Amino acid sequence: MNTMTLLALITLIGVAALFIALAVFLVLIAQQLESIGGAEIKLYGTRASFLSKIRVGVRAIEVETAALAPLVTKLNGGLSAIRDGLVAIDRNLAGVITAVSAQGEK
């Protein structure tokens, strides 16, 4: 058996081992996900998956909070105006403090 044949055989064994390991771990993952699945509903023939219940809950939260986006934008504009006013007050107070300090030194 020459070197190329031996290397090809080792590569083939390595690839086969990789695919076998991948298949085994995919089966284990599928079993774990099935354990999360929940009870079977006889009426529909489907599973009441805990994950699907979470998905429905998250969707409900998304629908209920959809109206907040325009209000938050409006609130953000108002708060930006307040911030600008407070910055102006801060500058004025800094000027007053500087003036008072200058008078105190005289």
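Read the figures in this text as sums done on the coordinates, not as results from a lab. This is a predicted model, so every value here is computed, not measured. A quick note on method: Cβ atoms are made from the backbone with ideal geometry, for glycine too, and the neighbour counts reach across all protein chains shown.
Quick notes on this structure:
- Among complete DSSP H helices in the chain, those whose alpha-carbon atoms stretch at least 30 Å along the helix's long axis and whose mean Kyte-Doolittle hydropathy reaches 1.0 are 3-36.
- When the P(r) of the chain is calculated, the portion above 24 Å amounts to 71% of the C-alpha pairs.
- Computed over the chain, the per-residue total of -39500 (n - 2.57) for DSSP H runs of n ≥ 4 gives a 222 nm mean residue ellipticity of -30000 deg cm²/dmol, rounded to 500.
- Taking the charge dipole of the chain about its Cα centre, with +1 at Lys and Arg Cβ atoms and -1 at Asp and Glu Cβ atoms, the residue from Ser80, Val15, Met4 reaching farthest to the positive side is Ser80.
- Rel. contact order, % - alpha carbon contacts under 8 angstrom, at least six apart, the chain: 10
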